[in-house]
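No value in this document is a laboratory result; all are computed from the given coordinates. Because the structure is a prediction, the values reported are computed rather than measured. Using ideal geometry, Cβ is built from the backbone for each residue, glycine included, and neighbour counts are taken over all protein chains shown.
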Amino acid sequence: MRFHVGSDHGGAALLEILVAALGEWGCSVLSRTGPAPGEKADYPKVAHEVATQVVRDREAGADDVFGLLVCGTGQGMAMTANKVPGVRAGVVSDGFSAKMIRAHNNANVLCLGERVLGSELAKHLLREFIDAEFEGGRHGARVALIGSLTGEGS
């Protein structure tokens with residue numbers, strides 16, 4: 001599994017921890033978007049950049065490419081990322097939801113909040129997301145319906 005990752009200033013410390021975990025788990029980081037240490041960044045710009053990279057790679061056939069976005073709550077990143085056609089981003093704070101957004105919703109971007117999660121929980125959520133697989137079937141039809149609402153494919 002490969003990731004485009006990004007954070008604003010409110011998620012930079014947690015993203016560092018999660019990038020290290022990805023490396024330990026054998027996952028590649030393809031790109032990193034966000035502020036330099038001590039700088040501020042607007043989460044909409046970061047989320048849009050990462051989401052666009054994920055869609056570009058997936059449209060080119062790289063089904064193993066996902067996005068990881070971190071801000072203070074994860075909410076702003078998810079709202080912005082979901083504006084990019086082809087992205088299905090979700091914010092999670094429990095392991096079951098982290099698994100289900102992939103298994104049932106075929107999410108391709110995970111959004112987390114540094115100010116609401118501890119680092120161990122965040123690593124657990126990322127691991128659940130990674131380990132889950134899209135179940136397809138009736139869930140595939142529902143994901144296609146989501147895409148059809150905005151004129152895009154599944």
- Message: Among (1) touching a Phe, Trp or Tyr at 6+ places or on another chain (Cβ under 9 Å); (2) buried (at least 23 other Cβ atoms within 10 Å of the Cβ), there is one condition HIS104 misses while meeting the rest; what is its number?
- Response: (2)
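Looking at this structure, is ASP8 among the acidic types (Asp, Glu) and in contact with a Phe, Trp or Tyr (Cβ under 8 Å, 6 or more places away or on another chain)?
Numbers: among the acidic types (Asp, Glu): yes; in contact with a Phe, Trp or Tyr (Cβ under 8 Å, 6 or more places away or on another chain): yes.
Yes, satisfied.
Enumerate the helices (runs of 4 or more DSSP H) found wholly within region 32-142, keeping only those where 1 or more residues are aromatic (Phe, Trp, Tyr).
Values: elements: 43-59, 75-81, 95-103, 119-131.
By residue number, 43-59, 95-103, 119-131.
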